[in-house]
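J.: Below is a structure I'd like to ask you about.
Read-outs: derived from the displayed coordinates by stated rules, not from any lab. Everything quoted here is computed from the prediction, not taken from an experiment. A quick note on method: Cβ atoms are made from the backbone with ideal geometry, for glycine too, and the neighbour counts reach across all protein chains shown.
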Amino acid sequence: MAKRVVLAYSGGLDTSVAVRWLAEERGMDVIALAADVGQGGDFDAVRQRAIAAGAVEAIVVDCRREFAEDFVAPAIRANALYEGKYPLVSSLSRPIIARHLVEAAREHDADSVAHGCTGKGNDQVRFEVSVRALAPDLELVAPVREWGMTREDCIAYAARFDIPITSTKEKLYSIDDNLWGRAIECGVLEDPWAAPPEDVYALTVPTGADPVEIVLTFEEGLPTALDGRTLPLDELIVELSATVGGYGWGRLDMVENRRVGIKSREVYEAPGALALLLAHADLEDLTLERDLHHEKARLEPRWSELVYDGLWFSPLKDALDAFIGSSQRWVSGEVRLRCEPGRVWVAGRRSQYSLYDHGLATYDATDQFRHEDSAGFVRLWGLGVQTWAARQARREQ
Ligand code: ARG
């Protein structure tokens, strides 16, 4: 019996050629799995293309809600930004796709799974480490890493086997998108000195809208409503992204460290993600106790690194999730976001669990702070330093 493989299928040139290559060169029955994580596009066409390329079966899974709730939600609570900037767009989608690959492999009695990543990127790491964590017995195949074909070779291969491809003309960029944002690489962007041309952007094109204020409601660290309308997380993100992106805000241009040792220049658009992270972190300023807040801030970069590095399913990530989860108990309230052309910022915040005490903070007559307590507190706080300075003064006499 032929070996069966479940392939993560995007509908693009590489994964379409991979379907045929696995069948021809490896004698495998290929089940193509396309995951809708909010990247948009015509999934019926994707399914038909997989079959035309030679797949014995083509599955399309709508994972938008699951992606938002199980993968994006923990990232919001963790204020997740890799290297302080990148909201982990692609890094978050790989583990959910891996989960569906494994599920499909079990359902269809496949003994292996495959992906269309090259050997130079992070995504191969995320797919493979995630699959191994979920199903240590499954084999992994990475056709694009093995076949040694150039883009021209792939186009020729597709022509030889009558594989329909969307466009044969030179693709300008390598793009990966989902509801949390969009990553753009390659082409002119490979020169880190070259400014990104306007045509790389799709989610942050200014529409000339008038300034507006958006009120975001959070419950236990997660956004639940937009301007008072309760929405499922995936829909809330999509709507917020469209609004905020319309002000031309939410772009990133960075040189980042890949897991495989390469520095690469990356351009991102993530208007909804960056706006939500901004609002969430602001609400934490209001509601988290100081030590908890500071400790969480130390752990957040570690969480982001683990996820970037493909360790979504790992014991340390689980333990950090437990810590972060416990920290979010009182992170409920509202944040006002102000949007103007080119900028979005927090204009106000409030919470029924606010730790901001006006009676303590105010300089007006309602002041309840016990000023007399400060004298002794400050004396003891500085006692060690004072003793140290006195020794210095004695020695110099
Ligand atoms: N550098 C980003 C990351 O590692 C984006 C990767 C995008 N993938 C792609 N196939 N264009 O998460």
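J.: (1) surrounded by 20 or more Cβ atoms within 10 Å (Cβ to Cβ); (2) under 20 Å from the mean Cα position of the chain (by Cα); (3) within 23 Å of Glu220 (Cβ to Cβ); (4) not hydrophobic (A, V, I, L, M, F, W, C): which one isn't true of Glu300, the others all being true?
T.: All conditions are met except number (1).
J.: Is it the case, given these coordinates, that Thr243 is under 30 Å from Arg336 (Cβ atoms), assigned to a strand (DSSP E or B) and touching a strand residue (DSSP E or B) at 6+ places or on another chain (Cβ under 7 Å)? First the steps, then the outcome.
T.: Numbers: under 30 Å from Arg336 (Cβ atoms): yes; assigned to a strand (DSSP E or B): no; touching a strand residue (DSSP E or B) at 6+ places or on another chain (Cβ under 7 Å): yes.
No.
J.: So, in the range 79-110, how many residues would count as being within 14 Å of the ligand (Cβ to nearest atom) and small (Gly, Ala, Ser)?
T.: 4
J.: Same structure again: Take the residues in the range 111-121 that are buried (at least 21 other Cβ atoms within 10 Å of the Cβ) and within 14 Å of the ligand (Cβ to nearest atom), then tell me which one is farthest from Ala35 (Cα to Cα).
T.: Cys117
J.: Against the condition within 16 Å of the ligand (Cβ to nearest atom), buried (at least 22 other Cβ atoms within 10 Å of the Cβ), under 17 Å from the mean Cα position of the chain (by Cα) and over 19 Å from Tyr308 (Cα atoms), how does Ala75 come out, does it pass?
T.: Numbers: within 16 Å of the ligand (Cβ to nearest atom): yes; buried (at least 22 other Cβ atoms within 10 Å of the Cβ): yes; under 17 Å from the mean Cα position of the chain (by Cα): yes; over 19 Å from Tyr308 (Cα atoms): no.
Criteria not met by Ala75.
J.: Another question about this same structure. So which strands (runs of 3 or more DSSP E) are wholly in the range 122-200 and hold at least 2 residues that are surrounded by 13 or more Cβ atoms within 10 Å (Cβ to Cβ) and away from the ligand (no atom under 16 Å from the Cβ)? Before you say what the answer is, go through the steps one by one.
T.: Numbers: elements: 139-141, 174-178, 181-185.
Strands (runs of 3 or more DSSP E) meeting the threshold: 139-141.
J.: Do we have any residue at all in the range 268-290 that's part of a strand (DSSP E or B), under 30 Å from Asp191 (Cβ atoms) and in contact with an Asp or Glu (Cβ under 9 Å, 6 or more places away or on another chain)? Even if it seems obvious, please write down each step before you answer.
T.: Taking the range 268-290 and keeping what is part of a strand (DSSP E or B), we get 268-269.
Then drop every residue that is not under 30 Å from Asp191 (Cβ atoms), which leaves 268-269.
With the extra rule that they be in contact with an Asp or Glu (Cβ under 9 Å, 6 or more places away or on another chain), the set shrinks to 268-269.
Yes: the range 268-290 contains one or more residues that are part of a strand (DSSP E or B), under 30 Å from Asp191 (Cβ atoms) and in contact with an Asp or Glu (Cβ under 9 Å, 6 or more places away or on another chain).
J.: Pairs, please: C-beta under 8 Å, at least 6 apart or cross-chain, first residue surrounded by 11 or more Cβ atoms within 10 Å (Cβ to Cβ) and in the range 349-376, second assigned to a loop (DSSP other than H, G, I, E, B) and aromatic (Phe, Trp, Tyr)?
T.: Sorted first by the residue in the range 349-376, then by its partner, the pairs are Ser351/Trp330; Tyr353/Trp330; Leu360/Phe369.
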